[in-house]
1. Residues of the stretch B:107-121 being over 25 Å from the mean Cα position of the chain (by Cα) and among the basic types (Lys, Arg), which ones?
2. Output the residues belonging to the stretch A:214-229 that are more than 12 Å from A:Val178 (Cβ to Cβ) and not in a helix (DSSP H, G or I).
3. Given the residues A:Ser109, A:Ser71, A:Ser77, A:Ser156, which is the only one that is hydroxyl-bearing (Ser, Thr, Tyr) and at the interface with chain B (Cβ under 9 Å from one of its Cβ atoms)?
4. Among the residues of the stretch A:234-259, which ones are surrounded by fewer than 22 Cβ atoms within 10 Å (Cβ to Cβ), among the basic types (Lys, Arg) and at pLDDT 90 or above?
5. Return only the number of the condition from (1) farther than 26 Å from B:Leu40 by Cβ; (2) surrounded by 23 or more Cβ atoms within 10 Å (Cβ to Cβ) that B:Ser156 does not satisfy.
6. Given the residues A:Ala166, A:Ala157, A:Ala161, A:Ala97, which is the only one that is free of Cβ contacts under 8 Å to residues at least 60 places away in the same chain and assigned by TED's automatic domain parsing to the domain that holds A:Gly49?
7. Could you identify the single residue in B:Leu211, B:Leu203 that is hydrophobic (A, V, I, L, M, F, W, C) and not in a helix (DSSP H, G or I)?
8. Taking the residues in the stretch B:123-137 that are within 14 Å of chain A (Cβ to nearest Cβ) and not in a loop (DSSP other than H, G, I, E, B) as candidates, determine which candidate is nearest to B:Ile90 (Cα to Cα).
2 protein chains.
Amino acid sequence: MAFIVQKFGGSSVADPEKMRRVAGIIADAYREGNDVVAVLSAQGKTTDGLIAKAKEYSPNPSKREMDMLLSTGEQQSVALCAMVLQAMGIPAISLAAWQIDFKTNSNYSNAAIKSVGAERIRRELDQRKVVLVTGFQGVNKFDDVTTLGRGGSDTSAVAIAAALHADLCQIYTDVDGVYTADPNKVKGAKKLDEITFDEMLELASMGAKVLHNRSVEMAKRYNVDLEVLSSYERKPGTKVRRANKVEQAEVSGVAKDANVARITLIGIEDKPGMAFNVFRILAQEKINIDIILQNLGRNGVQNITFTVSRPDAQKAIEVLEKHIDELGFAAIDLDDKVAKVSIVGAGMMLTSGIAAKMFDALASKKINIDMISTSEIKVSVLVREEDADKAVQAIHDKFFD
Amino acid sequence: MAFIVQKFGGSSVADPEKMRRVAGIIADAYREGNDVVAVLSAQGKTTDGLIAKAKEYSPNPSKREMDMLLSTGEQQSVALCAMVLQAMGIPAISLAAWQIDFKTNSNYSNAAIKSVGAERIRRELDQRKVVLVTGFQGVNKFDDVTTLGRGGSDTSAVAIAAALHADLCQIYTDVDGVYTADPNKVKGAKKLDEITFDEMLELASMGAKVLHNRSVEMAKRYNVDLEVLSSYERKPGTKVRRANKVEQAEVSGVAKDANVARITLIGIEDKPGMAFNVFRILAQEKINIDIILQNLGRNGVQNITFTVSRPDAQKAIEVLEKHIDELGFAAIDLDDKVAKVSIVGAGMMLTSGIAAKMFDALASKKINIDMISTSEIKVSVLVREEDADKAVQAIHDKFFD
């Protein structure tokens, strides 16, 4: 007997048949004697449909009214799911965010969670009801409806699990767990039984779109045990937990991120503070920088190379060119045919030679490394985009075969 | 400068074009310097669509969850209307029933209004905003969503007007006012400039489906001036007010109600209390009786005739036959080819000869009168259904030509 928070995404509840499958999962957990809170997203493409509808009424709808509109999607989901559970003989009640005092700040469309009331949910659980809560939404201090932004339902579930001290927060999705690499692309990719929060964060930020990063960060902060598992298959998924609960593998996964562009400022004056100026100007425009390489100066000039996400690349160049007098570089070079390949592993910091093993794998396939970046639990390299999949496979073979 | 509550039904806000027309009406009232609260129904067939959807998920959904589901319809309406007004440069804010503390009892799907909070609406009006409020819905003392039943948005508007002491409650509909008779059927039917609450109640109960009866009763109780007018034409409608504010006509309107069946108990024992027994038994089954005719007894037996609404007729007969031993009648006769024709007028009680003038009109067209019922402001007659339209026209010609 445990207290479980379950989260089901929009595609898992898109139609009556899928809703009944989800209700079956919830009902099983309930019948095993657990306290169950299920957090649901809006069904299927409901949210997109409402956004499109709003555009028919106003070219530029206010975020406050958009949130008021969009929040109806999850409310419909939870009411319908309660009906299905009741028809199965399971006592269930739907609650919208405002009914459980799910408080956020007033940043409409992308609100941050402030607190979650426990009282109403506990009262319903004490009556042995399944509690169905709207994901993705909250209310601000004026009782106006807010939404948490895309992927916010994961975060809703973790916040509820944290506030009510649930034993486990299960995130049901259309994959059955976290893999050592993308199983659609890499031969021999294996499902992980468990992984640390930090590893999950690194993998998520590299495009392994299993969990929303905000939800993992919140789970880490409040020490909420997560499990990622499939809505379609009844089998254990991947547990995401604190490092001390996880058997730490040297390397947990290999990931590719092709959403990268490399920019080089050529012939910039080699004096202290120039790099700082470049990155300050970009930061003011909210352009994030990932890997940085500063060549040694020669003849009083140097090159500064860095990577940004591809959609930011053009803007970054425009911003830098606007400041050419201040920065005094000779030319800018853009290369958007690159990709980042990374290995992640919480056990890495305890083991030497991990990076060397990765480079060896790449060298054996004659793949050139352009830039390198390391952290305590990650090694990333920049390679040609056309080499990226081969690189991932080679590294995966080296560590997991 | 006045404080006006406006109500717009589902067909008036069904699509972007209609919503813009409604927003235009609201904007005009606002720009004239008035404080404006607009109460909206769900768009078009939204509520019916949600009911049909619920049936796909459960054969017999609970009323609590149904109300949770249906209430999303009005929330979408008010959010979209706020977007349209904002795009027109009018400051507007949408509020759901729970956000204004619109309290009802817990009779899900047909809840009664307990109280309406004034604070939030006043705060927004003080900031010179148009306030858009969801009709048809409320919250009970547990903060669970309830709905008021069909036509409830009229009642929502009147309740808000009463709670905030508005100067006028305007009910916008697809007709432009209250007529002396159904303008689609009766030649010479005229729009009334004004009418009393009691007249409106009698007309509404006879099938003049302009205003929901509950809303008129509430307006009468709290003395809220109503106006019924068209969403499509910009012209004055019909004012519904207290008797002392209205120039009282002898007869305000003629109405037909074909939803009537006549039942006769033949050969019932002629002793005190028998009629009472009949009506007690029917009341226990919640069958309402309208006109009653008790013939004089002859040879120790009598006939009792009464009318019920047609959908209740079969049930009434079954109930009475079940009690045949107790009631001791010889036979039951059902006639469902009858209709009720009525004249209504608050000035009637001050004028003699009104009923005679009505009977004269019917006699001149050789229409037989089957039963008669009178109240202070109404005379009703039962006629053959095939004569009903002719009867209405003859009476209307007599009083209004």
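The values are calculated or read from the model by the stated rules, or taken from the named source; none is laboratory data. Since the structure is predicted, the reported quantities are computational estimates derived from the model, not experimental observations. Cβ sites come from the backbone with ideal geometry, for glycine too, and all protein chains shown count toward neighbours.
1. Answer for the stretch B:107-121, where residues must be over 25 Å from the mean Cα position of the chain (by Cα) and among the basic types (Lys, Arg): just B:Arg120.
2. A:Asn223, A:Val224, A:Asp225, listed by residue number.
3. Checking each option against the conditions leaves just A:Ser71.
4. A:Lys235, A:Lys239, A:Arg241, A:Arg242
5. (1)
6. After applying the criteria, what remains is A:Ala97.
7. B:Leu211
8. Per the criteria, the residue is B:Val130.
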